[in-house]
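The values are calculated or read from the model by the stated rules, or taken from the named source; none is laboratory data. Just so it is clear, the model here is predicted, and its values are computed rather than measured. Counting neighbours? That spans all protein chains shown, and the Cβs are built from the backbone with ideal geometry, glycine included.
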Amino acid sequence: MAWGVVSKSANSTLASTEVNQLQENFTALATGASGAPAIAVNSFMVTGVASLASLTVTGAATVNGTATLNSHLIVASSLLYANQSTSRVGIGTSSPTNTLEVRKDTAGAVAVAVVSNKSTDASATSCQVNFDLADTSGNAVNAATIRAGKEQVWTSTASTQDSFLSFFTTLNGSSGEVARITSAGKFATGGEDAPDCDTGGLTLNHGSNDGFAMTLKSSDVAHGMTAVAETDTYAAFGKADSNAGGLLIESFSEGSIATWMQAIATTEDTTDTSTSTGCIRLAGVKKSGTGAGALGATANVLAVNNEGTTVFLIKGNGDVHATNTSLTALDDEDDLALADAAKWMMTPMKKEKELLGGKAYEVLRREGVFHGPDDAFVSMQGMMRVQMGALGQLFKGLAFLAQSHGVTVDDLKKAMVG
């Protein structure tokens, strides 16, 4: 039979030929046969199975069985749009650009989805969104999870309703928390669920690992020291001791400057007391019970190290110790003359005095006591060499004079310290 129109009044009985015609019409609709129009009704109800090429319902539609549409599904123009040819679904749009697109044109924030856990049970503490990927056998494996949870049991009191947001990734087939944002706005890594930073702060927990907890990188950097860090890493932070802790800061450079620390203050302290401070302040303290206290007088507050060799120390009492490998007196020179020349080199009369006795000034430069443009820098160790040599030569001269007048060296020493 061909497509035909069956027209009946409400609640009337269909003849057998009319029933056959309707069956032919539904077959044409289901197969999308040529000449078969779309069905436009004010209401539609299917109690069994219906397969249609095109269906438009302007009223209510109820499906109690299975309905198969071989073309698009459109609800209220763009409220819901399913495109059979592109396998895309749009909510709020009839032209979805991805597998699922939700669109709403409105001012302010738009909540496109809500994931709820409505259980009032105290153990119902979270809800989450999972992201799955398939292995080579087609099995779905959890790749990542975003979880929102309660930080304590919630009651109807607002002060109990604190939540966190955590992020999980999969390592070796096991899912684990890698980052968390608390209700106070604290950000933590490594599964840390009790960060001890302030609100808006950051806590990095790298567990029992002994590598870097944080690194800074730049594509401009290529220092080549790959035995200690990747070539584009210019700073790294880690533990000073793998078991005891402490902070290790390493910086890497292609040039001559690896660390540049600059402090900018608004005011300055010019006092000279035990409570004086400075634009840059370094403090060393020692554990005392559960707190901290002062280091001892002979304790090393600051140590300057050259690749494993300590060359400079500041003690707890302020005493300064420097390596003495180069602190040898200039015994082959006139140290008294050098000391006198050094005194004048630190005055405006340097040039005039140098013209009168240039050799001592040449020795001071040659030995590295003064160096740099216009002798701008003084070597403290070099100056100590001059001073110690001058004192030694002075004592030898005094001893010679004393002995020539019948005074022993021991009596001379007693007179000098008495």
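Numerical summary
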quantity	calculated
Near pairs, Cβ below 9 angstrom, 6+ apart or cross-chain, from the stretch 235-249 (free of Cβ contacts under 8 Å to residues at least 40 places away in the same chain and closer than 12 Å to F212 by Cβ) to any residue that is among the basic types (K, R) and surrounded by 13 or more Cβ atoms within 10 Å (Cβ to Cβ)	A235/K217; L247/K239; L248/K239
Boolean, S123 is farther than 30 Å from S242 by Cα and hydroxyl-bearing (S, T, Y)	yes
Residue satisfying condition, being touching a Gly at 6+ places or on another chain (Cβ under 9 Å) and among the β-branched types (V, I, T), within set T170, T182	T170
Residue match in the stretch 41-56 (condition: surrounded by 13 or more Cβ atoms within 10 Å (Cβ to Cβ) and at pLDDT 75 or above)	no
Test: S218 is in contact with a Phe, Trp or Tyr (Cβ under 8 Å, 6 or more places away or on another chain) and under 22 Å from E307 (Cβ atoms)	no
Flag if G200 is surrounded by 11 or more Cβ atoms within 10 Å (Cβ to Cβ) and closer than 26 Å to S166 by Cβ	no
Residue count, the stretch 205-254 (criterion: part of a loop (DSSP other than H, G, I, E, B) and either assigned by TED's automatic domain parsing to the domain that holds F187 or of a type outside the set (A, V, I, L, M, F, W, C) (or both))	20
The stretch 121-156, subset small (G, A, S) and not in a strand (DSSP E or B), residue surrounded by the most Cβ atoms within 10 Å (Cβ to Cβ)	A124
Residue that is of a type in the set (A, V, I, L, M) and over 15 Å from N117 (Cβ atoms), where the choices are A148, A143	A143
Among (1) surrounded by fewer than 14 Cβ atoms within 10 Å (Cβ to Cβ); (2) part of a loop (DSSP other than H, G, I, E, B); (3) in contact (Cβ under 8 Å) with a residue 24 or more places away in the chain; (4) of a type outside the set (K, R) - the single one S183 does not satisfy	(1)
Verdict on G224 being touching a Gly at 6+ places or on another chain (Cβ under 7 Å) and either surrounded by fewer than 16 Cβ atoms within 10 Å (Cβ to Cβ) or touching a residue at least 60 places away in the same chain (Cβ under 8 Å) (or both)	no
Odd one out for A109, checked against (1) surrounded by 12 or more Cβ atoms within 10 Å (Cβ to Cβ); (2) outside any strand (DSSP E or B)	(1)
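Yes/no per residue for (1) over 19 Å from V386 (Cβ atoms); (2) in the same structural domain as Q393 (by TED's automatic domain parsing); (3) surrounded by 13 or more Cβ atoms within 10 Å (Cβ to Cβ); (4) modelled with pLDDT under 85:
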site	(1), (2), (3), (4)
A341	no, yes, yes, yes
T347	no, yes, no, yes
K351	yes, yes, no, yes
Y361	no, yes, yes, yes
R366	no, yes, no, yes
